[in-house]
Each structure stands twice: as C-alpha cells, then as structure tokens.
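Visitor: Questions regarding the structure given below will be posed in turn.
The values are calculated or read from the model by the stated rules, or taken from the named source; none is laboratory data. Computed from a predicted model, the values in this text were never measured in an experiment. Virtual Cβ from ideal backbone geometry, glycine too; neighbours counted across all protein chains shown. For accessibility, only protein heavy atoms count, side chains too; no ligands or nucleic acids. Shrake-Rupley method; radii C 1.70, N 1.55, O 1.52, S 1.80 Å.
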Amino acid sequence: MASLSTIPADRYEWEARRGQIRAKLYQTLDDLPPLFIPQPTITSSEQRDGYRLEKLTFPNSLGDIVYGYILVPDQASGAAVLYCHYHGGKYNLGKDELFDEPLF
C-alpha cells in the first residue's frame, strides 16, 4: 500500500484510498469552522449596456461586511464569468477594476 503522501496512480487507486486520504487531510486541517452560508442583500440595481449591475453586501462569518457585484446579462447565453479581484493589501484596488480600462 502506498503512503498517504504518494499521489494515487489512477482513478482506481484514488477510489481505494480516498477515505484514508480525506481523513488525513481533515486531521491536518484540525478543527474546521462551522459551515457559513452568507445571506446577501441587493443594495442597488442599475441597467447598463447589455447587462444589469447589482451591488450586494453580506456579513462574513467574522461580522465584517463583504461588498460585491453581480452582472446579469440582458440575454442569457448559457455562460457565466466569475471575476476574482485582487488588492495585494492595497484596499483602494479591488472589485471596481472590473470596470476600468485595461492597463496594457
């Protein structure tokens, strides 16, 4: 039997070992926080060219407020885009960069 740190060679080995691997993973992670399901509130909605911009907020599990946007296309195409912004500790950057002109 391979050690838990060895990557399974194929699907069959994964299926045989996944219970042990998951148990080791959860042991390594220690106590996980309880499941948190945010309850968002739409704070505004604005029609734009080809989509509707909805601004939302929700409290995270620490009590801080998280701000976000949902862009809803006027015509459903079966596709969606998840845009994950960054700020690198520069909190003036972030989700609004989605609407800025590219720098390059």
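Visitor: Report the Stokes-Einstein translational diffusion coefficient (µm² s⁻¹, integer) for the chain, Rh taken as the Kirkwood radius over Cα pairs, at 10 °C with viscosity 1.306 mPa s. Walk me through the intermediate numbers first.
Guide: Values: Rh = 18.3 Å.
The estimated diffusion coefficient comes to 87 µm²/s.
Visitor: On a 0 to 90 degree scale, rounded to 10, what angle separates helix 11-29 from the longest Cα axis of the chain?
Guide: For helix 11-29, the angle is close to 70 degrees.
Visitor: Also, quick follow-up: Work through the residues other than Ser45 whose Cβ is under 14 Å from its Cβ and net out their charges, Lys, Arg +1 and Asp, Glu -1.
Guide: Working: positive: Arg48, Arg52, Lys55; negative: Glu46, Glu54, Asp74.
Its environment carries a net charge of 0.
Visitor: Still on this model: Just reorder Leu32, Leu62 by solvent-accessible area, largest first, 1.4 Å probe, all chains present.
Guide: Largest accessible area first, the residues go Leu62, Leu32.
Visitor: Tell me, what % of the accessible area of the chain is carbon and sulfur with a 1.4 angstrom probe? Spell out each step's value before the answer.
Guide: Numbers: 5160 of 9130 Å².
Here it works out to 56 percent.
Visitor: With n ≥ 4 as the cut-off for DSSP H runs, can you work out [θ] at 222 nm for the chain, using -39500 (n - 2.57) per run divided by the number of residues, rounded to the nearest 500? Spell out each step's value before the answer.
Guide: Details: 1 runs with 19 residues, N = 104.
Using -39500 (n - 2.57) per qualifying helix, the result is -6000 deg cm²/dmol.
Visitor: Hey, another quick one. At 1.4 Å probe size, with every protein chain present, just tell me what the per residue accessible area of the chain comes to in Å².
Guide: Details: 9130 Å² over 104 residues.
Accessible area per residue: 88 Å².
Visitor: Moving on. Give, rounded to the nearest 20 debye, the magnitude of the charge dipole that region 1-41 has about its Cα centre when Lys and Arg contribute +1 at Cβ and Asp and Glu contribute -1 at Cβ. Working shown, then result.
Guide: Working: 5 positive and 5 negative charges, 15 e Å.
Dipole about the Cα centre, nearest 20: 80 debye.
Visitor: Express the relative contact order of the chain as a whole percentage, based on alpha carbon pairs under 8 Å and six or more residues apart in sequence.
Guide: Working: 88 pairs, mean separation 14.3, N = 104.
It rounds to 14 percent for the chain.
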